[in-house]
Amino acid sequence: MQRVLVVSPEGAPLSPCRPARARWLLTQQKAAALRRYPFTIILRRPPSGTETPPLRVKIDPGSKTTGIAVVNEATGEVVWAAEVSHRGQQVKDALAARRATRRGRRQRHTRYRPPRFDNRTRPHGWLPPSLGSRVQHVVTWVERLRRVAPPTAISLELVRFDTQLIEHPETTDIAYQQGTLAGWEVREYLLLKWGYRCAYCHTEAIRWEVDHIVPRSRGGTNRVSNLALACHACNQAKGDRTAAEDGHPDVQAQAKHPLKDAAAVNSTRWALYARVQRTGLPVKTGTGGRTKWNRTQRGLPKTHWLDAACVGASTPTRLHARGVIPVVIQATGRHSRQMCRPNAFGFPDKAPKATSVVGGFRTGDIVRAVVPAPSVKAGTYVGRLAIRATGSCNLKTATGAVQGIHYKYCRPLHRGDGYAYMNGGAALPPHA
Ligand SMILES: [Zn+2]
């Protein structure tokens, strides 16, 4: 069951509690709601005893969506989960638009600007903004979680496959040397490396066999560089010949090249690893193969947050994930910093950006609007505010957009923080 995050009167993170207990604490006036996303309550009196469960923050970074799970390592309970959707494409589009506008200056008659030379060095470890934002969103949420839950460790999926692990199983843990994990990870690796096709006849959708390119009988080893994916017919036909003798020197050549795994060379994951290490908490890493194996062993469906809960060797044998509703978080950014909006030809044709605060509200605030009876819009709405200078604003609710809601009917529930939330905090009634 998704737990409710609790902090002490001083704001120190405490052990998360059950929703029923949180409801009781709130109705008994022993606690107050502190924050809506992630839903956190603050105790009015210091707790008598403070036991801190061993909580581990687990992260499965994805290109579009990152899964985050907080797992109690002692009980195997998933305490809290979220899926953060990134805005890499929006960042990329915005930068492309800016670049086009700047480039347009070559044809345009604009005021004199002194030329810029040699002032564009990129610092070491620079990431493109679209990728850098991904790292920062994950770090933001790890830091936010640390303020309201007391994690003792972090697990991070770093690479899709650990080639070191596959090539040298003797240097790794016992679960990998014996048992099914090694075979599993090697098989997944081979499927990707050979593109889910037979290496010899290139047919798809067959039962795979692992073929030794130089057969075992001829002194071939079990190393991945000697393995290929083959269909039954090709494997049988090849017999005890090597791939080259069988007329496939290309297979023999390709096998020598390790898979240039997209994730293994993924600079964002390493950048994230470096940033997460700076939190000071012990960080363990896992492979994507291990995550999938862990998830399949526990019979869990594929979702981003369950993948996160299954990252790494430290995953508890039994994971209790029933009743967990992950918070769906969408990165939205915080307004536009553009001071002058140009038209399609790059000429400024709109008034410079005025204040973004209207009646104390800003775009991105989550509010409750209660519109009184005579109005055609009469009713109660909860949603994300899009501010308008006239004061008559738009509200994006769970059921759709509502236009023309004046800010005077709105009460803030959660101030805009660069994210939109689809659900979560759902463990408690909205009045809390
Ligand atoms: Zn074949």
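The values are calculated or read from the model by the stated rules, or taken from the named source; none is laboratory data. Computed from a predicted model, the values in this text were never measured in an experiment. Backbone-built Cβ (ideal geometry, glycine too); neighbour counts: all protein chains shown. Only protein heavy atoms, including side chains, enter the accessible area calculation; ligands, DNA and RNA are left aside. Shrake-Rupley method; radii C 1.70, N 1.55, O 1.52, S 1.80 Å.
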Practice problem: Working only within region 103-162, note down all residues that are of a type in the set (Gly, Ala, Ser), out of contact with any strand residue (DSSP E or B) (no Cβ under 9 Å at 6 or more places or on another chain) and at pLDDT 85 or above. | Solution: Ser130, Gly132
Quiz item: Between residues in region 340-356 that are at pLDDT 75 or above and residues that are open to solvent by 80 Å² or more (accessible area, probe 1.4 Å) and not in a loop (DSSP other than H, G, I, E, B), which pairs lie under 8 Å by C-beta distance while being six or more apart or on different chains?
Solution: Cys340/Pro348; Arg341/Pro348; Pro342/Pro348
Exercise. Pull up region 288-304, narrow it to residues that are in contact with a Leu (Cβ under 8 Å, 6 or more places away or on another chain) and modelled with pLDDT of 90 or more, then point me to the one that is most open to solvent (accessible area, probe 1.4 Å).
Key: Arg298
Quiz prompt | Count of residues meeting criterion [out of contact with any Lys or Arg (no Cβ under 9 Å at 6 or more places or on another chain), surrounded by fewer than 16 Cβ atoms within 10 Å (Cβ to Cβ) and either of a type in the set (Gly, Ala, Ser) or assigned to a strand (DSSP E or B) (or both)] in region 47-101 | solution = 6
Exercise. Would you mind stating whether Asn226 is away from the ligand (no atom under 16 Å from the Cβ), more than 22 Å from Cys198 (Cα to Cα) and touching a residue at least 12 places away in the same chain (Cβ under 8 Å)?
Key: no
Exercise. Kindly indicate which of Glu209, Glu204 is open to solvent by 70 Å² or more (accessible area, probe 1.4 Å), within 15 Å of the ligand (Cβ to nearest atom) and either within 33 Å of the chain's Cα centre (by Cα) or free of Cβ contacts under 8 Å to residues at least 60 places away in the same chain (or both).
Key: Glu204
Exercise. Being more than 19 Å from Lys238 (Cα to Cα), within 16 Å of the ligand (Cβ to nearest atom) and open to solvent by 20 Å² or more (accessible area, probe 1.4 Å) is the filter here, so list the residues in region 186-201 that pass it.
Key: Lys193, Gly195, Tyr196
Practice problem: Spot the failing condition for Ala271; the list is (1) surrounded by fewer than 19 Cβ atoms within 10 Å (Cβ to Cβ); (2) over 23 Å from Ala81 (Cβ atoms), and only one is missed. | Solution: (1)
